[in-house]
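To start, the structure under review is shown below, and the notes come after it.
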Amino acid sequence: MTDSRAALVATARDSIARGSKSFAAASQLFAPDVRERAWLLYAWCRRCDDLVDGQDHGHDRRVVADAPARVAEVRRLSAAALAGEPTGDPAFDALGVVARETRLPHRFVTDLIDGFQLDADDWHPRSEPDLYRYCYHVAGSVGCMMAVVMGVPPEDEATLDRACDLGLAFQLANIARDIEEDDRVARCYLPDEWLAEMDVPPGQHMKPPFRDRLVVLARRLAARAELHEASARVGTKALSYRSAWAVLAAAGIYGDIARRVAARGAHAWDHRVTTSKREKLAWIARAAWQAARRQRIADTPRDPRLWTRPRSSPRWSS
């Protein structure tokens, strides 16, 4: 039996409180209907990520032996939810609710799951475009889904591009912050071409002799994140005040993660970079002012030099 919508929302609220303090704080700024849908979407994303990576709300990640089978289960349950069928899992039933209430394009759901598939296949980026495509699958697609949840029409490709930019910025920040954590589970999202450019042997990037070179690459990730964050801010002009407030707060909070990694240099991975509760509250206050003045942002076209999301799911090779 499918849980009631209220029960699904309550479960989703608990999930976001455990899994992401940054997103939980920013989500409080949404209007109530958008907030609930954002929680429901988050619950599904979090559950998928946890299933594939063998973790609990983003914590205690471990190497799993049956990752492809786990992704296949995520595909099966997600397809059932999108078809309106009960799944027996509140997080997947939550996806079904969001899809029905928002005209959520199913391709974004598929694109995100394709990102999980890349990790399950032990894929890693060879080039910078590979890196961006990965970031799209695991985060840019979520940005697009969140935009639809906030009321952006699925046909508004320009605004969805800006929403994707925010997802890209978040993921680039995450990659920079989590280089050491990823290395512990035998993953590396730094492109092979970047490592070769810095004369870092494969699999050796966390070794002390290469720490200064790693700093260069982490700062490159942070700089790329800042460019996409700036592009995403222009997209807030298409949102309601409260949605823009939440997006700008999240952009600032996550942007600080990338900026802090860059500022810490060789010490960026001594301790996990986070933002304090006080810093989150400061960004929430600052974002209220930014949202009120968002229409003053210059309505410039999106920089054509920025990587742009695919209009259809790209084919990948291992």
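The values are calculated or read from the model by the stated rules, or taken from the named source; none is laboratory data. These figures come from a predicted structure and were not determined experimentally. Glycine gets a Cβ as well: all are built from the backbone with ideal geometry, and neighbour counts include every protein chain shown. For accessibility, only protein heavy atoms count, side chains too; no ligands or nucleic acids. Shrake-Rupley method; radii C 1.70, N 1.55, O 1.52, S 1.80 Å.
Assorted remarks:
- Choice from K277, K237, K21 showing the highest fluctuation, given a GNM over the chain with Cα pairs closer than 10 Å: K277
- Residues D192 and A69, FRET efficiency given R0 of 30 Å [Cβ-Cβ distance, rounded to 0.05]: 0.60
- Taking θ as phi - 60° and the Karplus parameters 6.51, -1.76 and 1.60, the scalar couplings of region 20-28 work out to 8, 5, 5, 5, 4, 5, 5, 5, 5 Hz in sequence order, x denoting glycine and proline.
- Listed residues D256, D122, D299, most fluctuating in the chain (Gaussian network, C-alpha, under 10 Å): D299
- Å² per residue, accessible surface of the chain at 1.4 Å: 45 Å²
- Cβ-derived FRET efficiency at R0 25 Å, R18 paired with K277, nearest 0.05: 0.95
- FRET efficiency, H106 to A10 (Cβ-Cβ, R0 22 Å, nearest 0.05): 0.25
- Taking the 1.4 Å solvent-accessible surface of the chain as the whole, the part contributed by carbon and sulfur is 53%.
- Heavy atoms of E101: accessible area, 1.4 Å probe, square angstrom to 10: 70 Å²
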